[in-house]
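Asks: Dropping a structure here in structure tokens format, bear with me for questions.
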Amino acid sequence: MDTQLLTRLVTAPGISGYEQRIRDVVRAELEGVVDEVRTDGLGNLLGIRRGSGPRVMLSAHMDTIGFLVSHVDDDGFIRISPVGGFDPRTLVNQRVLVQGRRDLVGLVGMATKPVHLTTPQEREKAPKLEDLFVDVMLPAEEAKQNVSVGDPVTLLREPVETDRAYSSPYQDDRVGVYVLLEALRGARDLRAEVCAVVSVQEEVGLRGARVSAFGVEPDLGIALDVSPAADTPGGENRQQHAVLGKGVAIGLMDSSHIADPRLVARLKERAERNSIQYQLQLTNRGGTDAGGIQLSRAGVPVVTLCVPTRYIHTSNELVVKSDVDEAVALLARFLESAHELSLGW
Ligand SMILES: [Zn+2]
């Protein structure tokens with residue numbers, strides 16, 4: 001696994017609607033693996049690898065959850081408004097990057113009395129986002145000069161790598177972007193046409209995938225994303241959730257789409273024939289770009305390939321390297337034989 005590439009991807013900020021910096025990083029990578037790179041009106045990146053058909057759309061989203069500055073008070077403390085779904089309990093004492101007039105590191109504090117002055121009942125209350133503020137460690141006047149309402153804010157934490165695993169904020173969905181890039185690099189003798197979309201605004205409702213699918217007019221679509229692993233204490237595995245270290249997850253459904261059974265069967269066949277470890281994943285919550293692609297124009301068969309991930313939407317999103325490698329291998333082997341597919345009913 002190329003952890004240097006993954007690190008470049010996870011450390012570039014890009015909340016939904018403000019993807020400029022990550023788009024520049026991805027564009028440079030994409031140019032090496034496709035024939036042509038375009039953008040569309042919403043800012044999606046479209047990398048086209050020409051072929052004779054069918055046309056396969058891949059989609060991995062480049063945007064992440066984050067915040068917009070909603071208020072800067074007289075003392076220079078910043079209030080933030082969420083873009084995408086956060087659990088406020090995971091935010092207390094985190095560090096953030098504030099993209100103001102210049103980049104600033106912020107500390108997330110909780111608007112409450114210091115711990116030695118609170119009662120036990122007060123300490124039991126879960127914080128709400130309105131209780132949190134960001135301290136950019138500057139005198140009030142300087143903070144107000146550098147930070148404005150609408151500035152993007154992202155989680156900031158150094159990635160951690162071990163022999164087995166890799167953890168950082170924003171594996172969701174930069175690890176999907178990684179899988180897309182590496183599978184295109186690794187696919188041999190590609191005959192189908194591939195349109196590799198690195199989409200925007202997934203976290204606020206699959207918006208980038210929807211408009212890019214309209215433009216691409218694919219014959220089939222594959223979303224690349226993370227799926228929550230329910231293999232930690234407290235994680236009830238009553239539904240079929242993914243587990244770390246057991247290979248790439250083929251998503252059968254979530255609240256945004258039902259995977260096309262023919263594509264699921266094809267992926268299973270490809271995995272088994274090439275000794276790629278996979279698992280099946282099924283949930284009635286959440287969504288991926290597959291949901292946006294599926295409802296485009298007159299309808300598109302779709303499926304999602306997922307990298308099992310612990311602690312999603314926190315600063316510690318955790319993946320196992322072998323699962324990432326299996327996802328890359330399965331996508332590459334699928335693409336190599338995609339020209340054999342016929343998807344009529
Ligand atoms: Zn995602």
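Asks: Applying the selection to segment 303-323, what residues are surrounded by fewer than 24 Cβ atoms within 10 Å (Cβ to Cβ) and under 17 Å from Q279 (Cα atoms)?
Replies: Listed by number, the residues that qualify are R310, V320, K321, S322.
Asks: Given the residues G291, G287, G299, which is the only one that is in the same structural domain as S212 (by TED's automatic domain parsing) and part of a helix (DSSP H, G or I)?
Replies: G291
Asks: Moving on to the next point. Residues that are surrounded by 21 or more Cβ atoms within 10 Å (Cβ to Cβ), at least 3 per element: which helices (runs of 4 or more DSSP H) completely within segment 92-210 meet that?
Replies: The qualifying helices (runs of 4 or more DSSP H) are 171-186.
Asks: If I go through segment 233-284 residue by residue, how many of them are within 21 Å of the chain's Cα centre (by Cα) and either part of a strand (DSSP E or B) or closer than 23 Å to E202 by Cβ (or both)?
Replies: 23
Asks: Could you please tell me which pairs satisfy a Cβ distance under 8 Å, a separation of 6+ or placement on different chains, a first residue in segment 271-290 that is within 16 Å of the ligand (Cβ to nearest atom), and a second residue that is open to solvent by less than 80 Å² (accessible area, probe 1.4 Å) and part of a helix (DSSP H, G or I)?
Replies: Short answer, once both residue conditions are applied: D289/G208; D289/A209; A290/A209.
Asks: Among what's in segment 130-153 and is among the hydrophobic types (A, V, I, L, M, F, W, C) and out of contact with any strand residue (DSSP E or B) (no Cβ under 6 Å at 6 or more places or on another chain), pick the residue that is farthest from D63 (Cα to Cα).
Replies: Step by step, filter segment 130-153, then rank; the result is A140.
Asks: Checking the conditions here, which among V10, V37 is without any contact (Cβ under 8 Å) to a residue 40 or more places away in the chain and touching a helix residue (DSSP H, G or I) at 6+ places or on another chain (Cβ under 6 Å)?
Replies: After applying the criteria, what remains is V37.
Asks: Look through segment 210-233, keep the residues that are away from the ligand (no atom under 16 Å from the Cβ) and at pLDDT below 95, and return whichever of them is farthest from L58 (Cα to Cα).
Replies: P233
The values are calculated or read from the model by the stated rules, or taken from the named source; none is laboratory data. Please read these numbers as outputs of a predicted model, since none were measured by experiment. Note that each Cβ is placed from the backbone with ideal geometry, even for glycine, and that neighbours are counted across all protein chains shown. For accessibility, only protein heavy atoms count, side chains too; no ligands or nucleic acids. Shrake-Rupley method; radii C 1.70, N 1.55, O 1.52, S 1.80 Å.
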